[in-house]
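Here's the structure we're looking at; comments come further down.
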Amino acid sequence: MPFTWDEMRARFAPTMPVEACPICCTLPVSSRNSEAWRQLESAGLPENPGSVWRYRCPSCHQLYVRSYQIPYDSADPYNPELTGESYEVLERMPERIAFDEMIAHRVALDQFARALAALDPALDVDQREYRQLGVSFWRGYQLVRIYCAGHERWLVVSEQGELARCTLAEVARLSAKAPPTFHDVAVYVDWVDHVTSSFDHRRVEDFDRIPWRAELSDADRTYVEVLRRESRVAPERVESHPDRTLVHRWVVDNFRLICRVLTVWPTGVVEREDAVIGEAIPTYYSA
């Protein structure tokens with residue numbers, strides 16, 4: 001029988017910050033021979049309990065997924081002798097229950113399809129594809145990423161199968177019903193900003209790493225240099241205050257260069273303030 005949401009949460013939701021866990025705080029994420037790694041347990045679903053590519057820490061329930069990385073010409077700080085070789089990597093999944101099958105188990109597909117069609121009749125629910133599911137901050141609700149009829153979007157789905165679009169207003173509504181659960185405010189605000197922004201939204205921390213188009217006209221090059229002087233693109237900065245947390249970041253969204261300030265209140269409500277520094281910038285990003 002499938003797990004219920006409460007059972008899934010009890011089995012997989014982290015119970016403490018990574019730094020406080022005696023196993024995870026010493027876990028090199030790219031060491032195949034780590035003693036801490038050998039202490040992790042398989043974290044499969046009921047239909048596949050022996051899954052060997054998802055792991056759970058028995059101490060704090062932190063989830064990991066195993067992947068393979070090839071460092072090419074970059075040195076691995078944990079395994080310098082493996083440079084240039086294929087080796088296993090553990091990727092930590094903070095503050096989330098990353099089990100795509102969970103929605104299919106808890107919400108019948110026909111019920112989900114009817115709710116999706118009611119939300120947006122233009123969507124062809126017979127051609128929907130679920131890209132990423134199982135992100136949870138509010139009890140009884142999950143965030144669902146779908147690709148449908150040529151569009152990608154994030155939705156909020158309740159345990160009863162009710163759907164709503166992911167917006168800051170929806171985040172405020174859910175937070176008013178029950179404050180979200182998270183250990184790291186930076187992880188929480190990053191997810192909220194991500195799922196309530198367009199799919200063209202990209203964070204940038206270095207002006208020169210913005211993917212400008214390869215072929216720029218003289219006017220474009222002049223505009224880029226003006227933006228370089230006026231923007232002062234910098235890495236993300238987090239300010240902690242007694243009554244709120246401020247996150248300062250730069251993003252590119254729909255051909256705009258934006259200086260963004262996100263305010264996170266103790267209730268979980270997130271406010272977003274954008275200062276558009278450049279419009280119609282010559283980048284590869286598109287709407």
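The values are calculated or read from the model by the stated rules, or taken from the named source; none is laboratory data. The structure presented is a predicted model; accordingly, all values stated were derived computationally and were not measured. Methodologically, a virtual Cβ is constructed for each residue, glycine included, from the backbone with ideal geometry; neighbour enumeration extends over all protein chains shown. Each accessible area value is taken on the protein alone, full model and side chains, heavy atoms only, with ligands, DNA and RNA left out. Shrake-Rupley method; radii C 1.70, N 1.55, O 1.52, S 1.80 Å.
Observations on the structure shown:
- For the range 59-71, the set of residues classified as modelled with pLDDT of 60 or more and open to solvent by less than 60 Å² (accessible area, probe 1.4 Å) consists of SER59, CYS60, HIS61, GLN62, LEU63, TYR64, VAL65, SER67, listed by residue number.
- The range 153-186, residues that are closer than 17 Å to VAL251 by Cβ, open to solvent by 20 Å² or more (accessible area, probe 1.4 Å) and modelled with pLDDT under 90: ALA186
- Selection from the range 251-272 of residues that are of a type in the set (D, E, K, R) and within 14 Å of ARG202 (Cβ to Cβ): ASP253, ARG256, ARG260
- Cβ-Cβ distances below 6 Å connect the following pairs, each with a first residue in the range 161-183 that is more than 13 Å from TYR141 (Cβ to Cβ), a second residue that is in a loop (DSSP other than H, G, I, E, B) and among the acidic types (Asp, Glu), and a separation of six or more residues or different chains: PHE182/GLU95.
- Qualifying residue in the range 258-271 (condition: open to solvent by 80 Å² or more (accessible area, probe 1.4 Å), at pLDDT 90 or above and among the hydroxyl-bearing types (Ser, Thr, Tyr)): no
- Residue check for ARG249: touching a Leu at 6+ places or on another chain (Cβ under 8 Å) and open to solvent by less than 20 Å² (accessible area, probe 1.4 Å): yes
- Matching residues, the range 31-58, being more than 15 Å from GLU91 (Cα to Cα), at pLDDT below 80 and not in a loop (DSSP other than H, G, I, E, B): GLU35
- Residues that are touching a residue at least 40 places away in the same chain (Cβ under 8 Å), touching a Leu at 6+ places or on another chain (Cβ under 9 Å) and assigned to a helix (DSSP H, G or I), drawn from the range 191-222: TRP191, VAL192, ASP193, VAL195
- Matching residues in the range 240-255 - criterion: being assigned to a strand (DSSP E or B) and over 21 Å from the mean Cα position of the chain (by Cα): SER240, HIS241, ARG244
- Every residue from the range 220-231 that is in contact with a helix residue (DSSP H, G or I) (Cβ under 8 Å, 6 or more places away or on another chain) and open to solvent by 50 Å² or more (accessible area, probe 1.4 Å): ARG228
- Test for SER217: is it hydroxyl-bearing (Ser, Thr, Tyr) and crowded, with 17+ Cβ neighbours inside 10 Å: no
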